[in-house]
1. Give, as residue ranges, the strands (runs of 3 or more DSSP E) completely inside the stretch 490-598 that count at least 1 residues that are among the hydrophobic types (A, V, I, L, M, F, W, C) and in contact with a His (Cβ under 8 Å, 6 or more places away or on another chain).
2. Could you list, in sequence order, all residues of the stretch 208-238 that are open to solvent by 30 Å² or more (accessible area, probe 1.4 Å), under 22 Å from the mean Cα position of the chain (by Cα) and hydroxyl-bearing (S, T, Y)?
3. Out of the stretch 376-389, which residues are touching a residue at least 60 places away in the same chain (Cβ under 8 Å) and either assigned to a helix (DSSP H, G or I) or open to solvent by 50 Å² or more (accessible area, probe 1.4 Å) (or both)?
4. Tell me, yes or no, whether the stretch 401-414 has at least one residue that is open to solvent by 50 Å² or more (accessible area, probe 1.4 Å), modelled with pLDDT of 85 or more, basic (K, R) and part of a strand (DSSP E or B).
5. Identify all residues within the stretch 599-614 that are more than 14 Å from L123 (Cα to Cα) and part of a helix (DSSP H, G or I); write none if there are none.
6. Where in the stretch 29-140 are the helices (runs of 4 or more DSSP H), entirely inside, with at least 3 residues that are under 30 Å from M282 (Cα atoms)?
7. Select from the stretch 20-62 the residues that are of a type in the set (G, A, S), open to solvent by 20 Å² or more (accessible area, probe 1.4 Å) and touching a Cys at 6+ places or on another chain (Cβ under 9 Å) and list them in ascending order.
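The values are calculated or read from the model by the stated rules, or taken from the named source; none is laboratory data. Quick caveat, the model's predicted, so the values are computed rather than measured. Positions of Cβ are generated from backbone atoms using ideal geometry, with glycine treated the same way; all protein chains shown enter the neighbour counts. To get the accessible areas, we keep the full protein, side chains included, count just its heavy atoms, and leave off ligands, DNA and RNA. Shrake-Rupley method; radii C 1.70, N 1.55, O 1.52, S 1.80 Å.
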Amino acid sequence: MEEIMTVFQNPEKGFEIVPHFANFILKLEGKQIPELFLAAGLLCRFIEKGHVCLNLKLVANQPLSILCEGNYAGKIICPDFSQWIKALHQSRVIGQPGDFKPLILDDQGRLYLFRYWEYEKILRENLLERKEIVYQDIDLKLLQNGLKRLFPDDRADEGPNWQKIAAIVALHKNLCLISGGPGTGKTTTVVKVIILLLEQAKGRKLSIALTAPTGKADMRLKESILLLKKKLPYPAEIDPLIPEEVSTLHRLLGARRGSYEFHYNEKHPLPYDIVIVDEASMIDLPLMAKLFQATLPKTKLIFLGDRDQLASIDSGTVFGDICIGQGNHLSLKRSFHEIEGIVQEEGGKGWNKKSELADCIVFLKKNYRFDSSSGIGLISQAINQGAGERAVELLKERSKKFQDIFWKSHVGSNALPRTLAPIVVREYGPFLKAETPEKAFQFFNQFRILCAVRRGPFGLEGMNELIQKILTKEGLIQSQGRWYHGQPIMITENDYQREFYNGDIGIIFSSSQSNGDLKAHFLTSQGALRRIAPSRLPRHETAFVMTIHKSQGSEFDKVLLLLPEKDKEILTKELLYTGITRAKKYVEIWGKEEIVLSTVSRSIVRQTGLREALWGRSN
């Protein structure tokens with residue numbers, strides 16, 4: 001262990017992380033414990049990578065790489081697990097679950113920062129409490145009539161109508177999680193749920209909050225609701241009661257500038273009967289825990305998400321940990337005999353009785369956007385299954401079978417400007433020639449270039465620079481200065497005071513409404529335009545191109561997806577799946593075959609204790 005201490009305490013040896021936190025923990029300890037130093041340093045690194053904890057079993061006896069000035073400089077071997085645990089139990093800064101200590105070590109060898117252990121505990125306890133709450137005052141005849149009207153499609157030959165079953169679950173339980181890919185009808189289902197709930201209220205006013213993690217996601221949810229209100233059959237008297245306003249989670253909870261705390265919390269809960277959360281896979285552990293804390297047990301919580309999509313950028317894989325597996329395992333124990341007549345034709349008698357938490361989760365199966373002739377649908381399915389060769393086979397067949405997917409496997413960095421130029425001019429020309437900001441947004445949101453990485457010739461930074469050069473050469477933009485007419489921008493930090501949030505998209509525009517001055521224009525969730533001087537914006541960057549991570553919560557008619565020339569750890573099947581499914585009608589992928597294969601073979605695995613706490617060790 002002396003070797004480990006030497007590596008950490010001599011920065012010129014270049015360990016993978018700077019050990020400030022490890023030094024701080026040793027200072028609190030008051031004595032030298034090399035095993036503690038190593039564990040704290042690794043925990044800090046793992047949290048930076050999105051893990052909730054450090055599972056010492058998985059790193060014990062494993063080689064640990066050392067870097068020197070960014071270059072590989074050798075390895076050390078982590079201690080034996082039992083030796084490591086014994087040494088850590090002697091530390092006064094490490095406690096067991098329930099203790100108030102800087103670090104918490106559970107009986108499975110998982111090491112947490114106290115606050116992350118507490119977040120996981122809060123979420124676990126809330127989920128286990130809420131899963132048992134079943135509503136009893138449901139007018140079953142009224143529900144049955146509503147289901148027949150809103151779900152008239154008899155698809156017995158295609159198996160259960162899981163949208164219909166999700167609606168039944170959402171009405172009976174005060175916790176419901178609906179998972180499905182793009183096109184499976186999550187938003188359609190939840191709007192029908194709102195209608196059914198309002199009908200059940202029989203004139204009693206229900207306070208309903210609609211929320212999503214990002215500004216992009218909340219605008220898309222609002223657009224979907226407005227569209228569905230025109231299509232769905234429901235009594236005229238409930239029309240004004242269907243909510244249309246959507247807010248970000250930070251706005252809903254009342255974010256405070258310079259603080260991790262929110263206005264709404266355990267002592268001051270949210271004043272709603274129902275809270276509906278879209279794009280739940282994007283929510284990290286701290287934010288999800290605070291949402292549950294701020295929501296009364298009697299409040300109905302409904303989550304919509306895609307468990308196969310990228311997890312949150314920050315800590316945890318919360319939605320995926322809760323929605324394990326792909327199958328529906330409903331029992332609806334107490335209420336099953338009451339609703340059996342309603343769902344009998346949907347295959348209800350064959351449901352497995354797995355657990356009461358499983359009763360709260362429904363996976364939507366049928367895709368209404370991508371059918372059997374859709375390349376996007378088939379390739380996203382292959383990627384989800386980890387079938388890299390099948391995915392490549394589908395890409396190669398695109399010219400024969402599919403009209404919605406295209407693959408270029410041999411675009412080198414030298415040929416990039418020449419190959420990209422005609423696409424950029426064709427797709428971005430309309431929005432840059434638009435006469436109003438509203439029209440500019442309309443055209444801009446039809447097409448987007450997505451990158452898997454930030455740096456390199458196929459990364460976000462280089463691509464934004466290249467696109468600006470192409471458009472300047474074509475006379476479509478005049479990019480002198482920091483801001484210019486037609487420049488798309490993305491906010492990269494939260495500004496709670498001005499209500500700008502990381503990921504918000506704007507366009508710099510000069511129009512008669514702004515007296516010819518350059519203004520940053522943003523679409524609000526109400527569909528209105530918000531104008532502000534660019535100099536007053538929080539930190540932001542040019543956004544002709546987005547990373548796949550930042551594209552979550554967005555959809556575009558057409559997408560050009562760029563993979564880097566060299567394999568990287570960040571390339572996972574979840575990343576590729578998320579990028580491809582941002583496209584509603586057409587996606588073009590540029591990337592080498594070997595990169596596609598390695599990407600599909602790699603999956604996001606984060607160390608947490610939530611899945612085991614909810615489902616047991618076998619999962």
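1. 505-510, 518-523, 529-532
2. Of everything in the stretch 208-238, just one residue is open to solvent by 30 Å² or more (accessible area, probe 1.4 Å), under 22 Å from the mean Cα position of the chain (by Cα) and hydroxyl-bearing (S, T, Y), namely S224.
3. Those that are touching a residue at least 60 places away in the same chain (Cβ under 8 Å) and either assigned to a helix (DSSP H, G or I) or open to solvent by 50 Å² or more (accessible area, probe 1.4 Å) (or both): I376, G377, I379, S380, A382, I383, N384, G388, E389.
4. yes
5. Matches in the stretch 599-614: T599, V600, S601.
6. 34-48, 56-59, 114-130
7. none
This table checks each residue for (1) among the polar types (S, T, N, Q); (2) in contact with a strand residue (DSSP E or B) (Cβ under 6 Å, 6 or more places away or on another chain); (3) assigned to a loop (DSSP other than H, G, I, E, B).
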site: G258; (1), (2), (3): no, no, yes
site: P271; (1), (2), (3): no, no, yes
site: I276; (1), (2), (3): no, yes, no
site: S281; (1), (2), (3): yes, yes, no
site: F292; (1), (2), (3): no, no, no
site: P297; (1), (2), (3): no, no, yes
site: I302; (1), (2), (3): no, yes, no
site: Q309; (1), (2), (3): yes, no, yes
site: S312; (1), (2), (3): yes, no, yes
